[in-house]
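The values are calculated or read from the model by the stated rules, or taken from the named source; none is laboratory data. On a predicted model such as this, the values are computed, not experimentally measured, just so you know. Here the Cβ is made from the backbone with ideal geometry for all residues, glycine too, and neighbour counts use every protein chain on show.
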Protein chains: 2
Amino acid sequence: MESRPVSQAVEDYVKAICLLEQQEGKATTKALAVALDVAAPSVTAMIKRLHAMRLVRHTRYRGVALTPSGRRMALEVIRHHRLLELYLVEALGLPWDQVHEEAERLEHVISEELEERIAERLGHPVADPHGDPIPTKGGEVDQSAYLPLSELNPGTAAVIKRVADQAPAKLRYLGDLGLFPEVRVTLLEKAPFGGPMSLEVGETRCTLGGDLARQIYVLPVESL
Amino acid sequence: MESRPVSQAVEDYVKAICLLEQQEGKATTKALAVALDVAAPSVTAMIKRLHAMRLVRHTRYRGVALTPSGRRMALEVIRHHRLLELYLVEALGLPWDQVHEEAERLEHVISEELEERIAERLGHPVADPHGDPIPTKGGEVDQSAYLPLSELNPGTAAVIKRVADQAPAKLRYLGDLGLFPEVRVTLLEKAPFGGPMSLEVGETRCTLGGDLARQIYVLPVESL
DNA sequence: GTTTATATTTAGATTAATCTAAAAAGAAAT
DNA sequence: ATTTCTTTTTAGATTAATCTAAATATAAAC
């Protein structure tokens, strides 16, 4: 059940594959090459190694899919990454736009004990500073914990939990609209293709661009 | 003045060379092989690379010495290591006997910004949990900041600052003798070759084995 | 259904870091 | 001053991860 220690490169690949599977539905050689900033033949070579380690299945010219143990490894790394991002922001006050690259390096070297202490200090959080869910130790990803406002169904009420990439200018703008964390909003209508959406905030209404709506994370009130 | 990013292995070697220079006076191929747990020819090969990077000077069959830039790099890594050890103990409550290996990995990947935040949170400490001095950002090592009790001159008074490797059993034993941090002790006499030493603690006296005395760090009162 | 473009893979080379086995240099012992 | 032992170095091989250039397969366009 215990897996042997593995190189940083291998962890980077399985993580990238996992994220691509979630975001794009599939992980191709090209997409991996772009995501990891390496040449395509490097990806092909690594895929061969990952396959030998039983971390991925591969169909020639068709891309890769994680095996259960590959997914377990990937989610472990992602958990490290997101916990670290949150910890660096909350506990050490690092600027929000700098924690990603820091976590990118730290995620590969922290022990399970350190991971546990960090999770403890943070109160076992379910989402990172960007609103992305933090997988549990068991590898469960609570996608519904926080939802981008852009994914909310019209007519549904929700509570704002977090604003991704909290640039001061953006925060000020959202503040003017009354869109703070813990504020309850109701989605009135939504344009197709990620266009603008109408919101009810308290007793007033406002319209929000799709790009902004995608960066505001909410908890639907039913699930409270 | 800025040096290019360097591999973890290179950092491990310059760190080991620096520590060996301090502890043994010189860094030989064999000593490095033992310290880093690699074969002797691996050390020879790496020395060649370190020399090409102008991090060490090398005289065949005579061992290596750090250049100024090599020492700068080594002290930077050691600073990271000792700050991290202290942070993991103080801020995250990791067990004292586990922080070394954790810091061993983290020391290579933290940014200067993170280093700075950690130092800040700790109040810019001068020694790690083992009593070893933390080099400053400028590369100065305040060897006198904390002194092992075993190195204190007879007749001198000092204040206990820290006990290395704080195993519960040892702490209880020292507690029974009244040897707590901030307690003032006076060294009465010391046996040669690291043998037992007689101490005055408040109004009582006690005798301490040389091995224990080497793990109690003090600040001579003159320098307060 | 060819042609064209793009994605993927093979082939071959490179670099860092390591190893073992054997040769050479230095230090210690008689 | 030899001999012996230890340390250091050379020689040669290995592994992981990468690259470029060229070949091949799939997908898109006409």
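Within the stretch B:15-24, is even one residue more than 13 Å from DNA strand D (Cβ to nearest atom) and surrounded by fewer than 15 Cβ atoms within 10 Å (Cβ to Cβ)? There is at least one residue in the stretch B:15-24 that is more than 13 Å from DNA strand D (Cβ to nearest atom) and surrounded by fewer than 15 Cβ atoms within 10 Å (Cβ to Cβ). In summary, B:Val185 fulfils each of the numbered conditions (1) at pLDDT 85 or above; (2) under 15 Å from the mean Cα position of the chain (by Cα); (3) at negative phi with the single exception of condition (2).
Considering A:Ile160, A:Ile118, A:Ile134, A:Ile110, which residue is more than 14 Å from chain B (Cβ to nearest Cβ), at pLDDT 85 or above, within 30 Å of B:Val99 (Cβ to Cβ) and surrounded by 12 or more Cβ atoms within 10 Å (Cβ to Cβ)? Write out each step before concluding.
On the way: A:Ile160 fails: within 30 Å of B:Val99 (Cβ to Cβ); A:Ile118 fails: more than 14 Å from chain B (Cβ to nearest Cβ); A:Ile110 fails: more than 14 Å from chain B (Cβ to nearest Cβ).
Result of the check over A:Ile160, A:Ile118, A:Ile134, A:Ile110: A:Ile134.
Quick check, is B:Val64 more than 14 Å from chain A (Cβ to nearest Cβ) and in contact with a Ser or Thr (Cβ under 6 Å, 6 or more places away or on another chain)? Here the answer is no, as B:Val64 does not meet what is asked. Can you find, within the stretch A:42-61, the residue that is surrounded by the fewest Cβ atoms within 10 Å (Cβ to Cβ) among those that are near DNA strand C (Cβ under 7 Å from one of its atoms) and touching a residue at least 12 places away in the same chain (Cβ under 8 Å)? Among them, the one singled out is A:Thr44. Flag: A:Asp97 matches the condition of being more than 26 Å from B:Val99 (Cβ to Cβ), within 14 Å of chain B (Cβ to nearest Cβ) and touching a residue at least 24 places away in the same chain (Cβ under 8 Å). From the list A:Arg117, A:Arg71, A:Arg79, A:Arg57, the lone residue that is touching a Cys at 6+ places or on another chain (Cβ under 8 Å) and more than 16 Å from DNA strand D (Cβ to nearest atom) is A:Arg71.
If a residue must be of a type in the set (A, V, I, L, M, F, W, C) and within 13 Å of A:Ser3 (Cβ to Cβ), how many such residues does the stretch A:51-74 contain? Show your work before the answer.
Applying the first criterion (of a type in the set (A, V, I, L, M, F, W, C)) to the stretch A:51-74 yields A:52-53, A:55-56, A:64-66, A:73-74.
Those left that are additionally within 13 Å of A:Ser3 (Cβ to Cβ): A:53, A:55, A:73-74.
Number satisfying all stated conditions: 4.
A search for C-beta distances below 9 Å between a residue of the stretch B:12-39 that is within 14 Å of chain A (Cβ to nearest Cβ) and any residue that is in a loop (DSSP other than H, G, I, E, B) and within 14 Å of DNA strand C (Cβ to nearest atom), counting only pairs 6+ apart in sequence or on different chains, returns B:Asp12/B:His108.
Among the numbered conditions (1) within 11 Å of DNA strand D (Cβ to nearest atom); (2) outside any loop (DSSP other than H, G, I, E, B), the only one that A:Val6 does not meet is (2).
Taking the conditions exactly as written (more than 12 Å from DNA strand C (Cβ to nearest atom), of a type in the set (A, V, I, L, M, F, W, C), without any contact (Cβ under 8 Å) to a residue 40 or more places away in the chain and touching an Asp or Glu at 6+ places or on another chain (Cβ under 8 Å)), does A:Leu66 satisfy them or not? The answer is no for A:Leu66.
Evaluated against (1) of a type in the set (Asp, Glu); (2) crowded, with 17+ Cβ neighbours inside 10 Å; (3) within 14 Å of chain A (Cβ to nearest Cβ), B:Asp128 falls short on exactly one condition, (3).
Restricting attention to the stretch B:18-32, does a residue exist that is within 16 Å of DNA strand C (Cβ to nearest atom), over 28 Å from B:Arg162 (Cα atoms) and among the acidic types (Asp, Glu)? Looking for residues that are within 16 Å of DNA strand C (Cβ to nearest atom), over 28 Å from B:Arg162 (Cα atoms) and among the acidic types (Asp, Glu), one finds none in the stretch B:18-32, hence no.
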